[in-house]
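Quick notes on the structure that follows.
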Amino acid sequence: MSRAGWIRVSVVVAAVAAVELLCQGGIITRFTMIPPSEMVVALAGILTSGRLTPAIVRTLRIVGIALAASILVGFVLGALLHALPRVRRTVDPLFATYYAIPIYAFYPLFIVLFGLGDVPIIIIGFLLAVVAMIVSTLNGFDRIPRALLKTARIYRMGRVRTALQVMMPCAAPYIFTGVKLAIAYSFIGVIGAEFIMSGSGMGYEIAFAYNNFDNKVMYPLIMLVLVLVTIINMFLHFWEMILFERRRRG
Amino acid sequence: MAKGEAHVTLQGVTRVYPGVAGQQPVHALGPLDLELVKGEFFSVVGPSGCGKSTLLDVLAGLASVTDGAIRFEGVPIHGRVPDGIGVVFQEDASFPWLTVEDNIAFGLRQNSVEAGEVRRRVDHALSLMGLKDFIRAYPAQLSGGMRQRVCIARTLVLEPRLILLDEPFGSLDQQTRLLMGDELLRLWRETESTVLLITHALDEAAMLADRIGVMSARPGRFLEIVETGWPQDRDSRIVARPEFGRITGRLWSHLRVESLKALGQDRPPL
Amino acid sequence: MVTRSRDIAVLIVVILLIWQGLYQFTGTGLLTAPLDTFARVLRLLGTPNFWPHLHESASAFLRALAIAVGAGLTVGMALGAHRLSGEVAEPILVALYSIPKVTLYPVVLLFFGIGMPAKVVFGAIHGVVPIAIFAMNAVRNLNPIYLKTAQILKLGPWATARKVLLPATLPEIFTGLRVGFSLTLVGTLLGEMFGSQRGLGHLLMAAIGLYRMDTIMAITLLLVIFAITINSILLVVDYRLHRRV
C-alpha cells in the first residue's frame, strides 16, 4: 500500500478511536450514540439472530430489481439516443438538469399512486439510477475514435459486427462506469425511500429503531448499510481498475 | 495485371460538402485527374485544409465523390470500400482492447481466414515490423511509433494491392519518421503494392515517392506532379543527395504560395 | 442558441403532453392535469398558511448552502494545495459521495434534535462533498506554467491569487458549486420529509395521509420548477466559464 494509503487507514482508525473515547468518556451520551465497539458487537448479534435478515434480503432484492431495470433500460435508451441525434438534442437539456431535481419529492406521489409497497421504492431507485446509465452509455459511444469506425468500414464489417466487435469493446469502460454509478444511486434511492416511509427493509428498520430510541439496533444497522455500500463501491472500483488496466497508458 | 499498367484512375474527381443549416457549401476537392501506375509510390503534399484527407476518403470508398469517377483495377469506387485496399490513418486506430497479435489478426479473422494461415501471416508481419517482442502487449503499453507499426502490420497481413497512408507518421519525431520511411520503402518493395502517401512533410514526400502530386489550397487541385527519378532500392540516405534539395525546394516554391493563400494572405510579403 | 431554445420548448411541450395523456389515461381523481396543477400552485402561493412552510424550507436551504459552500471550498482548496492530504482524502470523499447519506439523518437528529439545525446540517452534508471534490481537483490540476508565468511577470501573492489562481480554477469550482447547490436542496428536502413539523418536505408527507394528490403534485411541481430554473441558470454560467478555458 502507498504512503497515502497507510495515512488514510490511520486517519480512519484514529477517527473511530476518537469517537469511541468520546462515547466511553460520557462526553457523547448513550442516548446520542453508542460506542463503535458496542455497535460491532450488537451488529454481530443482530446478524446471527437472523431477526433482521428478512429486512436485509428485501432491501437487496429491491435494489437488485431497480438496478437491473435501470441498467437494461439505460443502456437501450442510451444506444437508441446515440443513433437518433435529433431526438437526443431535444432531450439533452433534461439530462443536464436531471440530477438537480429532488427525485425524492416524487415519492409521495408514487405512494398515493401505487400504494405503500415495493413499487414506489423500486421506481425511486430506478429513476435515480437510470439517467446515470443513459449518460454513461452515450458518453461511451461518443468517445469511440472516428479512426476506429473508419477501420471497421475498411474491413467491410456490417452494422451488427461493427457494434459488437468495435463499438461495444471501445465503449465498455464508460458503460462500466455507468453500472457503477447505477449501483450507488439505486442503493441511495431505495434506502432513502424506505427510510422516509415504508413498511419494511433496512431503511425502514433504521427509522423504526430511531423512533423507539433503540440505539442498540439503529447504530449497528446504520453501520451495516454504510459498510456494505462502501465495500460494494470499493470492490467495483478495484474491479474496474483490473478490468481496464491494460487500456491505460503508463 | 502487370506492373506499369494504370492501377487507379481519377477523372474529374470533385467533392463538395453540402452547406448545413443555411451555411455555404464547401468545395473541398477537385476536379482532380490522376493515374496511379501499378506498383508506384505516389505522394501527395499540400497546404493544411486543402482536401488531402478528403482525397483519401473518396479513394478508400469511405466517402462518395460529388462529381467525376474513380476506378480501381477497372472497377468504379463510389462510396463503397472495395476489396484489395488497405488504409493506415493519421490517428492511432489500433484497438486498445486487443493485444498486438489480435490487432494484427483482426482483419484476417473478419474474413474467416483459416487459423494456420492467420498464424503464418501474422508471424511474418510481426517480424517484418519488428514487433516480435510485443505480441502479448496492449497498444496502451507501446509508444506512438510502435502503435503505428501495429496499424501498418494490420493492414499488410491482408495483402492489399493498394495501400493508402494518411500522414501515418504525423505524430512521430523526425528521426523516427526517417527510419519508419526506410521501413515503408522496404515493405513497398517486398509487397509490390501501389502506395499512395498523404503527408504535409516535404522531405518525407521527396524521399519516399516516385512521383509527388503538389496540391493547391482549397479546393485542392494538382498544381504539378514532380517526378523524383529515385532508384527502386533507395533509402533515407538519399536526403544527402543534391537532387533531394532541388526537389524539396521545388515543392516548397509551390507550397509557400499555396500555404499563404490558405492562411488568407494572398499577397506574400517579399 | 435559437435551436437550443426551440429544443427546450419542444421538450417542455412533450413532457406536458405526456403528463396530460397520463392524466386522461388514469382517469380523473388520481392525477391532476397540468393546467389544474399550475393553478393549484398559484392558489398555494396565495394561501397565508403556505408561506411559513416555504420560508422554513428556504431559510434551511440557504443556511445549509452557506455552510456547504464555505466548508467545501475551504477544505477542497486546502486538499488541492497540499498534494499528500489530497491523496489521503480523495477516496474518503468519493466514498462519502456514493453512500446513502439518509442513514446518517437519525445520527444528525440525535446530535441536534428535531428542527432547523438538523435540517441545515443534513442539507450541508449533502452539498459539501461535491463542492470539496471539485475545488480540490481545480486547485490540484492547476497548470504549473501559470504560476511560473506569474513569477516571471513578478506578480505579488495577492495579484497572483486574484489575476491567475482565481480565473484558472473558477470554472471547475463553479461546476462543484452547481452540483453542490442541487444536492443541498435534495438533502434539505429529505431532512424535512422525515420527522419534521414544518417546511415543504413536511407538507408533502402530510398530504399523503390526507390523500391530497393536488397538493402533492403542486408542491412537487413547484420544487421541480425551482430546481430546474436555478440549475439552468447555473449551467449557462458554467458553460460560459468553461468555454473560455
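Taking the 0 to 90 degree range and rounding to the nearest ten, how far is the long axis of helix C:34-46 tilted relative to the main principal axis of chain C, both from C-alpha atoms? That helix lies at roughly 80 degrees to the long axis. Helix A:215-243 axis versus longest C-alpha principal axis of chain A: approximately 30°, rounded to the nearest ten.
Taking the alpha carbon gyration tensor of chain B, multiplying each eigenvalue by 5 and rooting it gives semi-axes of 30, 23, 19 Å, largest first. The ellipsoid equivalent to the alpha-carbon distribution of region C:54-244 has semi-axes of 37, 19, 12 angstrom, derived from the gyration tensor eigenvalues as √(5λ) and listed largest first.
Normalising the average separation of contacting C-alpha pairs (under 8 angstrom, six or more residues apart) by the number of residues puts the relative contact order of region C:63-195 at 41 percent. Relative to one another, the C-alpha centroids of region B:1-73 and region B:177-209 are positioned 20 Å apart. Projecting the Cα atoms of A:Val135, A:Ile121, A:Leu236 onto the dipole axis of region A:55-249, where Lys and Arg carry +1 and Asp and Glu carry -1 at the beta carbon, places A:Val135 farthest toward the positive end. Applying 1/(1 + (r/R0)^6) with R0 = 22 Å to the Cβ-Cβ distance of A:Met168 and A:Phe95, what FRET efficiency is obtained, to the nearest 0.05? The computed FRET efficiency comes out at 0.50. Look at the alpha carbon pairs under 8 Å that are at least 6 residues apart: their mean separation over the length of region C:64-138 gives a relative contact order of 65 percent.
Using Cα pairs under 8 angstrom and six or more residues apart, how large is the relative contact order of chain B, in percent? Worked out over chain B, it gives 24 percent. State the three equivalent ellipsoid semi-axes of the protein assembly as shown, derived from the C-alpha gyration tensor as the square roots of 5 times its eigenvalues, in descending order and whole Å. For the protein assembly as shown, the semi-axes come out at 61, 30, 27 Å. Translational diffusion coefficient of region A:55-249 at 25 °C, 0.890 mPa s, Stokes-Einstein with Kirkwood Rh over Cα pairs, in µm²/s as a whole number. Calculated translational D: 133 µm²/s. A crude spin-label estimate for the pair B:Val26 and B:Arg136, with each label 7 Å from Cα along the Cβ direction, gives 4.6 nm.
Each part reduced to its alpha carbon centroid, region B:141-157 and region C:186-237 end up 57 Å apart. With Rh defined as the Kirkwood radius, the inverse of the mean 1/r over Cα pairs, the Rg/Rh of region B:37-143 is 1.02. For chain C, the longest principal axis of the C-alpha atoms and the axis of helix C:213-244 are separated by about 20°. Considering only A:Pro102, A:Pro173, A:Pro220, the mean-square fluctuation computed in a Gaussian network model of chain A, springs between alpha carbons under 10 angstrom, is largest for A:Pro102.
Modelled spin labels at C:Gln151 and A:Leu243, positioned 7 Å past Cα toward Cβ, are 4.3 nm from each other. Taking C:Phe194, C:Phe122, C:Phe134 in turn, the Gaussian network model of chain C (Cα-Cα springs below 10 Å) assigns the largest fluctuation to C:Phe194. Between C:Ile15 and A:Arg86, the simple label model (points 7 Å from Cα in the Cβ direction) yields a spacing of 2.3 nm.
Using the Cβ-Cβ distance between A:Phe213 and C:Asn49 with R0 set to 22 Å, the FRET efficiency from 1/(1 + (r/R0)^6) comes to roughly 0.10.
Pick from B:Val239, B:Val65, B:Val100: which is most flexible by mean-square fluctuation in a GNM of chain B where alpha carbon atoms under 10 Å apart are linked? Among B:Val239, B:Val65, B:Val100, the largest GNM mean-square fluctuation belongs to B:Val239. Under a 5 Å amide H cut-off, with hydrogens placed 1.01 Å from N, B:Ala28 pairs with B:Arg15, B:Val16, B:Tyr17 among residues at least 5 apart or on other chains. Evaluated with a Cβ-only charge set (Lys, Arg +1; Asp, Glu -1), the protein assembly as shown carries a dipole of roughly 1020 debye about its Cα centre, given to the nearest 20.
Taken together, the values in this text are just the output of simple stated rules run on the coordinates, not laboratory data. What you see is a predicted model, and the numbers here were worked out from it, not measured in a lab. Positions of Cβ are backbone-derived with ideal geometry, glycine not excepted, and every protein chain shown enters the neighbour counts.
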